Each structure stands twice: as C-alpha cells, then as structure tokens.
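Have a look at the structure below before the remarks.
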Amino acid sequence: MKKTALSSMHEAMGGKMVEFAGFYMPVQFEGVNIEHETVRDALGVFDVSHMGEFWVKGPKAFGFVQKVTTNDVAKLIDGKVQYTCFPNGKGGIVDDLLVYRIDEETYLLVVNAANIDKDWAWCNEQNTMGATLFNASDEISQLAVQGPLALEAMQKLTPEPIEDMEYYTFKKLEFAGVKDVILSTTGYTGSGGCEIYMANEDAEKIYKAVLEAGKEYGIKPIGLAARDTLRLEMGFCLYGNDITDSTSPIEAGLGWITKFAEGNDFIDRPFLEKQKEEGVTRRLRGFEMIDKGIPRQHYEICNENGDVIGEVTSGTMAPYVKKPIGMGYVKKEYSKFDTEIFIRVRNKLLKAKIVRIPFYKPEN
C-alpha cells in the first residue's frame, strides 16, 4: 500500500486506516455521521493526496486536452477549472477529472486515485500530437477543506484574498508560509470550500496550519466514508459506481460536460452526439426510499411486477437529509421524476420513487 505524506498524522489522530485504491487512508475519525454534519455545518479537512495529477505542457497542450476530454477546453481562461471526463473510444468513460488551465500551454489534470495508472496509459496512447506529459502524482499532496466556513478560516493563512473567489477558479499563492501553493474553489461535497495542492514535503506543515486556523470554527479531520455520503447527497457521480467504462456521459446525466461546439473534436464525439439526438435506453437517476430499507450498490431496481428495470449504483442512509437515498440506472420509461420503483433488498421489493438531485439543498 502507498502512504500519503500525512499517514502518520492520521494514525496519531486516531484515524481508522484502511486500504483504498492502493493507498493507506483514513476511512473515519470520530464517525461518519458527525464528520458528515461537521462539513455541512462548519468545515472539515480531507487528505486527498491519493488523487492523481498529470501536467500537460507545450504548444500542443491545448490540442491534446481538447481531444481527450468531452468538455470544451476553449472556454477555459487562466485561473479557471473545468469538470470533464475522458471518453474511452467505445462510448464509455475512462475517468472523470478536473482540468486546470495555468496558461495557454500549461494544464493540470486531476484524476481519480484508483485510475492513475489506467489514465496515464490512456493519455500517452492518445498523445499523437506530441504534447509534453508528466505524471506528478507521487510528488503532490492535496487537502480538501470543505464547508461553509472553510474559506473564512483559510483566509487566515494567506495574504491573497480568497473569500470572494468564484466557484471553480484557482490561484497560485503563498499559503501557511509556503510559496506556489495552488488553492482552488472546487470540492466534492456541495458545501463550498477549497482544495489545496502542495509538494509532499510541505504537506505536514500545511495540514497542521489548516487544523490550527480552523480550530475556532470547529474544524475536524474527515475520512473517506463521509466523503462518500457527502457526494451522494449531492448526486455527484463516483467512478466505479455511477460511471464506468461501460456508461456513457449522456446516460449518466453528464450532457452538461459533453460539449458539441464547433472545432471540439473529442474522442467519441460522433457517437455521443448521435446518442444525445436520438436518446438513450437508460438513465442515471436519483431515488428516495419510501419503504424502510437501505439501498446498496448492485441491488436490483424493479417495477411493481418484480421485473428488473435497472441496478443501484450508489446508496446509503443520508446523514444530513435523514433518509435512505440512492442512484442507479433505470430504463428510460421509468426515468420520469416521481415514478414509483422498487428496490430488491434481501428478496423483498421495497418501494422507492425517482427524484431530482441533489438530495441535499442548503435550505434543508
């Protein structure tokens, strides 16, 4: 198992450590529910150093990123971030990722930990134009400081104004006395905050500074379990669950990151354009349980007769909205909102209904 630069600190803080995507990571500290609620109400800090980072540089950088991602990179300006995915040439998804535009010849791609090797091989295979690629995944640490009080607390650590930063933008700045840190207003929780990138050798210093700066606001270290429940309350896709090599971005409700702009000739464009025009046979939908029971990945979704109409991709008892929720692919004819469906739980059909995501809304 790989260790992050902060593994020993997690152990010292009582983190329950597990193997995740080949890394030794804290799944929880105090408990999933309290960690989840801390992020919703105040702020928490996640070690997400297991994520992968690829640099794309040179005069061919733009052409490469435009080819391998579905979103329109031409819309990016320096200091902006874009959520997107790698189409796999067969109508599916290699991975979902973030693209940071540093300048017109420099991009940072942030990919999922479980897919680093696969993504790196894919990028090199597709690099027919000669962009300069560098895999910096083993050199960079990343913290996600998430919650409504996150930016206010982190402002104490940098002279650069960050509290008024727009969503999905970033700055390179001095942070906790460390130069050239990247701070972006991105995250996976739906409660605001930032993600912070630094060299491994600076990780411990910055992590301690973040915990100290956040102390008066009630900051807590947060594990991977709450990261999963937070993203599911927002209806955010998780690679390996809700999106895979066999799901298309159109089926997954990611048409908003699949841009058919003139000149945006990404991999799989003709197939996905046709799919968008003609429609798909299944859709990823959110649902809430009506009967008592918790949906889990791979549970069958059925109609009232018990016929299988889909499969659960993610499910949990949501800590903040206080109800069992899930996502899954269902046949198109069952995908309308408020449609009654059934989840097969231990051979029982439990009633549920299709709902709009996100499940969590700030006014809750």
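Only the coordinates and a few stated rules stand behind these numbers; no lab work does. As the structure is a prediction and not an experimental result, all values here were calculated from the model. Neighbour counts run over all protein chains shown; Cβ positions are idealised from the backbone, glycine included.
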What number does the range 64-158 give for Rg over Rh if you use C-alpha atoms and the Kirkwood radius?
1.01
Normalising by the residue count of the chain, find the relative contact order in percent from Cα pairs under 8 Å and 6+ residues apart.
17 percent
How about the range 75-152: which trypsin sites (Lys or Arg not before Pro) there are in a DSSP loop, with at most 13 other Cβ atoms within 10 Å of their Cβ?
LYS90
What fraction of the DSSP beta bridges in the chain is antiparallel, stated in percent and rounded to the nearest 5?
95 percent
In the P(r) worked out for the range 235-289, what percent of Cα pairs fall beyond 12 Å?
68 percent
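Grab the other residues whose beta carbon is less than 12 angstrom from that of ARG356, score K and R as +1, D and E as -1, and report the net.
+2
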If you rank ASP78, ASP95 by fewest surrounding Cβ atoms within 10 Å, what's the result?
ASP78, ASP95
What number, rounded to the nearest 500 deg cm²/dmol, is the helix-based mean residue ellipticity at 222 nm of the chain, given -39500 (n - 2.57) per DSSP H run of at least four residues and division by all its residues?
-6000 deg cm²/dmol
Counting Lys and Arg as +1 and Asp and Glu as -1, each charge on the Cβ, what is the dipole of the chain about the Cα centre in debye, to the nearest 20?
1040 debye
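Which pairs in the list LYS90/LYS336; LYS331/LYS353; LYS2/LYS208 are over 23 Å apart, alpha-carbon to alpha-carbon?
Over 23 Å Cα-Cα: LYS90/LYS336.
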Please give me, ordered by residue number, the GluC sites (Glu not before Pro) of the range 259-313 that lie in loop per DSSP and have at most 10 other Cβ atoms within 10 Å.
GLU262, GLU304
Beyond 36 Å, what share of the Cα-Cα pairs of the chain is found? Please give it as a whole percent.
22 percent
In whole Å, what is the distance between the alpha-carbon centres of the range 1-64 and the range 255-271?
31 Å
Could you pull out the pairs from LYS57/LYS156; LYS292/LYS361; LYS57/LYS276; LYS57/LYS179 whose alpha carbons sit more than 29 Å apart here?
LYS57/LYS156; LYS57/LYS276
Take the Cα atoms of the range 1-129, build their convex hull, and give its volume per residue in Å³.
140 Å³
Are there any GluC sites (Glu not before Pro) in the range 73-140 that are in a DSSP loop and have at most 13 other Cβ atoms within 10 Å? List them by number.
GLU104, GLU139
